[in-house]
Amino acid sequence: MKPGPARLLALLATATGLLLPAPTASATSTASASSATSTASTSFVFPGPGSYLHQSYDSAGDVYDYSLYVPSGYDPGTPSPLVVLLHGCNSTADQRAQSSAFNEVAEQRHAIVLYPDGDAYDRLLNGRCWRAVTDPQGETRDRGDAAAIAGMTRAVAAAWNVDTSRTYALGMSAGGFETSMLGADYPDLYAAIGVYSGAAYAHGLAGCAGPYLPTADTTALAQQAFEQMGPRRRPVPVILFHGDADPLVPYQCGLQALEQWRRTDDLALAAQGLPAIPARPTRSTDATVPGGRAYTTIEYGGLLEFWTVHGMAHTWSGGSTDPAVARFSDPTGPDASAAAWQFFARHHL
């Protein structure tokens, strides 16, 4: 049984002591399942040369808000990559856009960035968490938040010239839980995914909020993710980030997500008659940001990467140096936004 919203928020507050500020903007337009209509927000000014739009999406009568960054170099005649970036609990699309500074990467790489927000239930009764945290079994293909996020992705691709072979999903915290779901629910839509301070496919809150508890079997989760792919099954490239001092989503949950995806991808490779991913990293690198944090990167044959940021808590590594969003990011860590893009850019559908 999933915990009620009050219990969920109590767990989150106890684990971190962080309750994020109220949203800085709201959606002011609507979009159908096949199109997107936008208007500029009058209450939120986002720095940068591109266009920052607030929109909404109707998922079978359930309305979700989202924000969209279109780089200044957008060319309607040239397909652009698309990155879907999901926020965590008690935060918003605008806060994730500000703190991650992913729009700076988008400007450089001519990528469009979609920042989904939740529906009324997520906003009012679920602590702005994605339902992969509170009800993972309800997050399957064409149902729940996962279906809405996939619908937003397709709507943006229909409204703008998007390269559908270069569409990616990345999420932090509850967004990382949800991104693990998207990787198995929609391997035909997202060329690669990123799980930041998240958990394995369908893990849910129990055991991954506050103290770590081994409540879910990794092999079973890996098999479940593989079965969820169905006829769309393929090895999904995954990059993962986690601070080893994270008080909200334990570091062990990030390691379990890595192992789950290694085993899921092995099942997909075996189904194609291809060799398995090595059980041990094929490359390990230790480095330090000048004047900042040490970090370790391990790779598994090009399909998987795991970044450990030493001493970092539940914040976005790198990101914005703006004092207004200081609580959301840690500029002393490696640039997670740039690292995620570099990984994504190597993978196409």
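The values are calculated or read from the model by the stated rules, or taken from the named source; none is laboratory data. The structure displayed is predicted, hence computed values, not measured ones. For neighbour counting, all protein chains shown are included, and Cβ atoms are generated from backbone atoms with ideal geometry for every residue, glycine included. Ligands, DNA and RNA are excluded from the accessible area calculation, which covers all protein heavy atoms including side chains. Shrake-Rupley method; radii C 1.70, N 1.55, O 1.52, S 1.80 Å.
Key figures for this structure:
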| quantity | calculated |
| --- | --- |
| Separation of alpha-carbon centers, the stretch 100-166 and the stretch 299-314, rounded to whole Å | 23 Å |
| Contour excess over end-to-end distance, with Cα ends at ALA294 and GLN108 and 0.36 nm allotted per residue | 64.4 nm |
| Alpha-carbon centroids, the stretch 67-99 and the stretch 225-248: separation in whole Å | 21 Å |
| Only Lys, Arg (+1) and Asp, Glu (-1) charged, at Cβ; the chain dipole about Cα centre in debye | 320 debye |
| Segment TYR251-THR140, length gained on full extension (0.36 nm per residue, minus Cα span) | 37.4 nm |
| Distance between modelled label sites at ALA271 and ALA338, nm, 7 Å Cα→Cβ extension | 3.7 nm |
| Taking the chain and dividing mean pair separation by its residue count, relative contact order in percent (alpha carbons under 8 Å, at least six apart) | 14 percent |
| Average accessible surface area per residue within the chain, 1.4 Å rolling probe, Å² | 38 Å² |
| Theoretical FRET efficiency, 1/(1+(r/R0)^6), r = Cβ-Cβ of ARG283 and ARG232, R0 35 Å, to 0.05 | 0.75 |
| Rg(Cα)/(2.2 N^0.38 Å) for the chain, N = residue count | 0.90 |
| Residue among GLY176, GLY151, GLY301 with the largest mean-square fluctuation in a Gaussian network model of the chain, springs linking Cα atoms under 10 Å | GLY301 |
| Most to least packed among 280-288, 256-264 [average Cβ atoms within 10 Å] | 256-264, 280-288 |
| Inter-label distance for ASP75 and ALA120, nm, one decimal - labels placed 7 Å from Cα along Cα-to-Cβ | 4.5 nm |
| For the stretch 181-317: span of alpha carbons on each principal axis (Å, largest first) | 47, 32, 25 |
| For the chain, calculated [θ]222 nm from helices alone, where every DSSP H run of n ≥ 4 adds -39500 (n - 2.57) | -9000 deg cm²/dmol |
| Segment HIS310-ALA326, length gained on full extension (0.36 nm per residue, minus Cα span) | 3.9 nm |
| Whole-Hz couplings from phi, Karplus 6.51/-1.76/1.60, listed for the stretch 141-158; x for Gly and Pro | 4, 6, 8, x, 4, 4, 5, 5, 5, 4, x, 4, 4, 5, 5, 5, 5, 6 |
| FRET efficiency, 1/(1 + (r/R0)^6) with R0 35 Å, evaluated for ALA220 and VAL63 via beta carbons | 0.50 |
